[in-house]
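Worksheet: the structure to be examined is printed underneath.
The values are calculated or read from the model by the stated rules, or taken from the named source; none is laboratory data. Everything quoted here is computed from the prediction, not taken from an experiment. Glycine gets a Cβ as well: all are built from the backbone with ideal geometry, and neighbour counts include every protein chain shown.
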Amino acid sequence: MDRLRFASVWLGGCSGCHMSFLDLDEWLIDLAEQVELVYSPVADIKEFPKNVDICLVEGAVANEDHLELIKQVRENSRIVVSFGDCAVTGNVTAMRNPLGSSKSILQYVYLETPGIQGPLPCEPGIVPVLLDRVSPVHEIVHVDAYLFGCPPYPSVIREKLTELVAAARNESAPVAN
Amino acid sequence: MAVKTLTIDGTLVTAQAESTVFDAAHEAGIFIPSLCRLEGVTTTGSCRLCLVEIEGSNRLMPSCILKVDEGMQVRTDTPRLREYRKMIVELLFAERNHTCAVCVANHNCELQDLAKSVGIDHVRYEYTFPKAEVDITHERFGVDHNRCVLCTRCVRVCDEVEGAHTWDISGRGTNSRVITDMNQPWGDAQSCTSCGKCVQACPTGALFKQGSTVAEMQKDRTQLEFIVTAREKKQWIG
């Protein structure tokens, strides 16, 4: 049986969800019999590939790079999973939202608080530009399944992935939500 | 003692005439979710989570303030009720900045438990991300408006059990906030006796003991039970 094409991406999050995924230890070997890892922050692959079956999305959409990547993810993946609280709710990444636009946040952090004395970071093409509002993934693209927790427990990730792998094998069946 | 016989979810239930549908259901082992209701203080029927359907009526009724009636046919768990309950809890999450992962009440929170029990895995409404204050001017307690669901348990427990009426609500709609005294910092509220009943009554991490860090809070309702028993039964049982 062909292996499913599996990916994970890391948007505005702390990578804790990926750490929790890695905490699945030897089960990852079993998973590798079912899926082929085609894109991930833990693999050196530059471009998000086409025809992905399942993609875990860690983190909220917080900057222009995230926005571009999540659109690529949606376009090229059958099952998009919001992976962890930042992806599902915005969580800690979205705690800046009540404080105003990205400009006012940067001014507050880089100019007004003690410690850092400017200048405002501005490296076009190198440092991605912050969006004014951090959004959970489903506010930007359609999401097929949700895995909450900060981070989700390894056992919960395992249960959901088992379910999604089975769903993805059966192409005609509606995706579990 | 007058009793009434009614049907709840197809089960015949007998309850005392003055009983509410909510209490009758729970005595019969039928679970109805609730949030603003708190044993020992008056019920307000404001959170709408305990809404039920009554045969012959188009109106949904809050079961916590609805008295039982002879022959009444109640449904507590229909697709319509399930959808409304889900919607209510999602709107509560969208209305403030709950950020469970960094909350003192994480894993010990009635709002989280509710979300789980009504089957929420994400919020379908746009988060409002309001600017909400945290007041830690009181020497022992704090109020984090980001996590308040406006259930008014603090208002009622402070007024009815402690007799201080330090807490109240100001504003309307999404601008509503719980306030202390004349909308002063809690630390300046002279009527507050620092008894802490509001902290124990609060279903979320909105009211907290200072010094509690993420996920450390444990609710202790025994002090409320103690006083309610003492007042109602004249028994001082610790």
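Out of all the residues in region B:1-45, which are surrounded by 14 or more Cβ atoms within 10 Å (Cβ to Cβ), in contact with a strand residue (DSSP E or B) (Cβ under 8 Å, 6 or more places away or on another chain) and part of a loop (DSSP other than H, G, I, E, B)?
The answer is B:ASP9, B:SER19, B:ALA28, B:ILE30, B:ILE32, B:THR43, B:GLY45.
Being away from chain B (no Cβ under 14 Å), surrounded by 17 or more Cβ atoms within 10 Å (Cβ to Cβ), under 30 Å from B:ARG147 (Cα atoms) and within 15 Å of the chain's Cα centre (by Cα): is that true of A:LEU56 here?
Details: away from chain B (no Cβ under 14 Å): yes; surrounded by 17 or more Cβ atoms within 10 Å (Cβ to Cβ): yes; under 30 Å from B:ARG147 (Cα atoms): yes; within 15 Å of the chain's Cα centre (by Cα): yes.
Here the answer is yes, as A:LEU56 does meet what is asked.
If you take the residues of region B:144-161 that are touching a helix residue (DSSP H, G or I) at 6+ places or on another chain (Cβ under 6 Å) and among the β-branched types (Val, Ile, Thr), which of them is nearest to B:GLY187 (Cα to Cα)?
Step one: filter region B:144-161 for residues touching a helix residue (DSSP H, G or I) at 6+ places or on another chain (Cβ under 6 Å), giving B:149, B:153-154, B:157-158, B:161.
Those still in the list that are among the β-branched types (Val, Ile, Thr) too: B:149, B:157, B:161.
Details: B:VAL149: 22, B:VAL157: 19, B:VAL161: 21 Å.
Per the criteria, the residue is B:VAL157.
For region A:4-45: of the residues being among the polar types (S, T, N, Q) and assigned to a helix (DSSP H, G or I), which is nearest to the chain's Cα centre (by Cα)? So that I can check it myself, show each step before the final result.
Start the filter on region A:4-45 by keeping residues that are among the polar types (S, T, N, Q), which leaves A:8, A:15, A:20, A:34, A:40.
Filter once more, keeping what is assigned to a helix (DSSP H, G or I): A:20, A:34.
Numbers: A:SER20: 13, A:GLN34: 21 Å.
The qualifying residue nearest to the chain's Cα centre (by Cα) is A:SER20.
Please give the number of the condition B:THR193 fails out of (1) in contact with a strand residue (DSSP E or B) (Cβ under 9 Å, 6 or more places away or on another chain); (2) modelled with pLDDT of 95 or more.
Result: B:THR193 fails condition (1) only.
Return the residues of region B:81-125 that are within 23 Å of A:MET95 (Cα to Cα) and of a type in the set (S, T, N, Q); say none if nothing qualifies.
Across region B:81-125, the qualifying residues are B:ASN97, B:THR99, B:ASN106, B:ASN108, B:GLN112.
Consider only pairs whose beta carbons are under 9 Å apart and that are at least six residues apart or on different chains; among these, list those whose first residue lies in region A:92-115 and is within 16 Å of A:SER135 (Cβ to Cβ) and whose second residue is part of a helix (DSSP H, G or I) and of a type in the set (Asp, Glu).
A:VAL92/A:ASP85
Name the single residue that is surrounded by the most Cβ atoms within 10 Å (Cβ to Cβ) among those in region B:59-104 being under 17 Å from the mean Cα position of the chain (by Cα), within 14 Å of chain A (Cβ to nearest Cβ) and part of a loop (DSSP other than H, G, I, E, B).
Ranking the qualifying residues of region B:59-104, first place goes to B:HIS98.
All but one of (1) under 16 Å from the mean Cα position of the chain (by Cα); (2) at pLDDT below 90 hold for A:LEU147, so report the exception by its number.
(2)
Counting only residues that are touching a Phe, Trp or Tyr at 6+ places or on another chain (Cβ under 6 Å) and surrounded by fewer than 22 Cβ atoms within 10 Å (Cβ to Cβ), which one in region B:124-166 is farthest from the other protein chains (Cβ to nearest Cβ)?
Within region B:124-166, the match that is farthest from the other protein chains (Cβ to nearest Cβ) is B:VAL155.
Is there a residue being surrounded by fewer than 17 Cβ atoms within 10 Å (Cβ to Cβ), at negative phi and under 16 Å from the mean Cα position of the chain (by Cα) anywhere in region B:194-216?
no
Looking at this structure, is B:PRO185 at negative phi and crowded, with 21+ Cβ neighbours inside 10 Å? I'd like the intermediate steps shown before the answer.
Details: at negative phi: yes; crowded, with 21+ Cβ neighbours inside 10 Å: no.
Criteria not met by B:PRO185.
Kindly indicate whether any position in region B:137-159 is assigned to a strand (DSSP E or B), closer than 18 Å to B:ASN108 by Cβ and among the acidic types (Asp, Glu).
Going through region B:137-159, the residues assigned to a strand (DSSP E or B) turn out to be B:141-144.
Then keep just the ones that are closer than 18 Å to B:ASN108 by Cβ; that gives B:141-144.
In the following step, the residues that additionally are among the acidic types (Asp, Glu) were identified as B:144.
The answer is yes; a qualifying residue exists.
Could we say that B:VAL89 is of a type in the set (A, V, I, L, M, F, W, C) and modelled with pLDDT of 95 or more here?
Working: of a type in the set (A, V, I, L, M, F, W, C): yes; modelled with pLDDT of 95 or more: yes.
The answer is yes for B:VAL89.
Yes or no, residue by residue, for (1) crowded, with 23+ Cβ neighbours inside 10 Å; (2) touching a helix residue (DSSP H, G or I) at 6+ places or on another chain (Cβ under 8 Å); (3) more than 23 Å from B:ARG96 (Cβ to Cβ):
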site: A:GLY16; (1), (2), (3): no, no, yes
site: A:GLU26; (1), (2), (3): no, no, yes
site: A:ASN51; (1), (2), (3): no, yes, yes
site: A:CYS86; (1), (2), (3): yes, yes, no
site: A:ALA94; (1), (2), (3): yes, yes, no
site: A:GLN107; (1), (2), (3): no, no, yes
site: A:PRO121; (1), (2), (3): no, yes, yes
